[in-house]
1. Taking the conditions exactly as written (modelled with pLDDT of 95 or more, of a type in the set (A, V, I, L, M, F, W, C) and more than 23 Å from Asp10 (Cβ to Cβ)), does Ala45 satisfy them or not?
2. Filter the range 175-205 for residues that are closer than 22 Å to Val156 by Cβ and touching a Ser or Thr at 6+ places or on another chain (Cβ under 8 Å) and give the result.
3. Just to verify a result, which residue in the range 86-101, among those that are aliphatic (A, V, I, L, M) and surrounded by 14 or more Cβ atoms within 10 Å (Cβ to Cβ), is nearest to Arg115 (Cα to Cα)?
4. Do we have Ser176 as outside any helix (DSSP H, G or I), small (Gly, Ala, Ser) and closer than 22 Å to Gly136 by Cβ here?
5. Taking the range 43-55 as the search range and keeping residues that are surrounded by fewer than 16 Cβ atoms within 10 Å (Cβ to Cβ) and not polar (S, T, N, Q), which one is nearest to Thr32 (Cα to Cα)?
6. Of everything in the range 129-172, what is loosely packed, with under 15 Cβ neighbours inside 10 Å, in a loop (DSSP other than H, G, I, E, B) and among the hydrophobic types (A, V, I, L, M, F, W, C)? Give them in sequence order.
7. Need the failing condition index for Arg115 against (1) in contact with an Asp or Glu (Cβ under 7 Å, 6 or more places away or on another chain); (2) loosely packed, with under 12 Cβ neighbours inside 10 Å, just the number.
8. Of the residues in the range 178-200, how many are farther than 16 Å from Ile123 by Cβ and surrounded by 15 or more Cβ atoms within 10 Å (Cβ to Cβ)?
Amino acid sequence: MNHARRWNDDADHTVAGGLLTESGQVVLGLNTYHFLGGPCGEVAALSNHASTVPDDPIVAVAAAYGPTGDIIAPCGKCRQIILDLSPSILFVVREANGLTARTAEELLPFAYEWRDAERPQRIYMWEGYESAIRAGEKRQTIRIDDPFRPGQADLVFEKDGGEVVSIAATVTDVRSVTRSGLTDDDAKWDGFDTLTDLNAALDLHYPGLQESSTIDIVAFTVSEQ
């Protein structure tokens, strides 16, 4: 805040950014306004960090508005830049009860995350299917507007108690059919005794699903039991 107040000129330099590093150092920066777009205070601080203590990881970021010294929230560009560096870096923001810290991931839901391209696709499953999948009784899942592709995958179970369990798998095939085109074999591979049982489960998970609705049948093999 003091840095923002000291160097504010009510024109091109109005926002200061500060970075807290893992060792406790503070690295400062100042925005430079330009109608073509200039660096924000946080971005300027990132440049100073890169040229002074690049091996000291950043743990938190804050920005202050020069004319008042108030803490302000980061713009969308800064949120994305920090997220790209590390989703765990904290931003200092003001909420109803005062200053608090939020990750870039929390401030930018559904953000583009380049790391996802290097990770297996995640297929979220109902926790009740875990035992059938581990036993090899359920080898496919039916999805609506939830596209997947052949390749590596993690089957993820978010349990009611808060535990998250992941099973490594490989998606072997994805085919699209109408609901009316489901067969007894589909029911068997999906872990059900009959097609009637499978349709009952679809009505539970996808209320209002029509016979003419297009569904994806995602077949998989489990890499670990």
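1. So Ala45 fails the test.
2. The answer is Asp190, and nothing else.
3. Our first condition is that a residue be aliphatic (A, V, I, L, M); within the range 86-101, this holds for 89-90, 92-93, 96, 99, 101.
Now drop any that are not surrounded by 14 or more Cβ atoms within 10 Å (Cβ to Cβ), which leaves 89-90, 92-93, 101.
Values: Ile89: 15, Leu90: 18, Val92: 24, Val93: 25, Ala101: 23 Å.
Across the range 86-101, the extreme among qualifying residues is Ile89.
4. So Ser176 does not fit the description; no.
5. Ala50
6. Ala135, Ile144
7. The number of the failed condition is (1).
8. Just the residues of the range 178-200 that are farther than 16 Å from Ile123 by Cβ, to begin with: 178-188, 192-200.
With surrounded by 15 or more Cβ atoms within 10 Å (Cβ to Cβ) added as a condition, the list becomes 179, 182, 186-188, 192, 195, 198-199.
Counting residues in the range 178-200 that are farther than 16 Å from Ile123 by Cβ and surrounded by 15 or more Cβ atoms within 10 Å (Cβ to Cβ) gives 9.
The values are calculated or read from the model by the stated rules, or taken from the named source; none is laboratory data. Bear in mind that the values here come from a model prediction, so they are computed numbers and not experimental data. Positions of Cβ are backbone-derived with ideal geometry, glycine not excepted, and every protein chain shown enters the neighbour counts.
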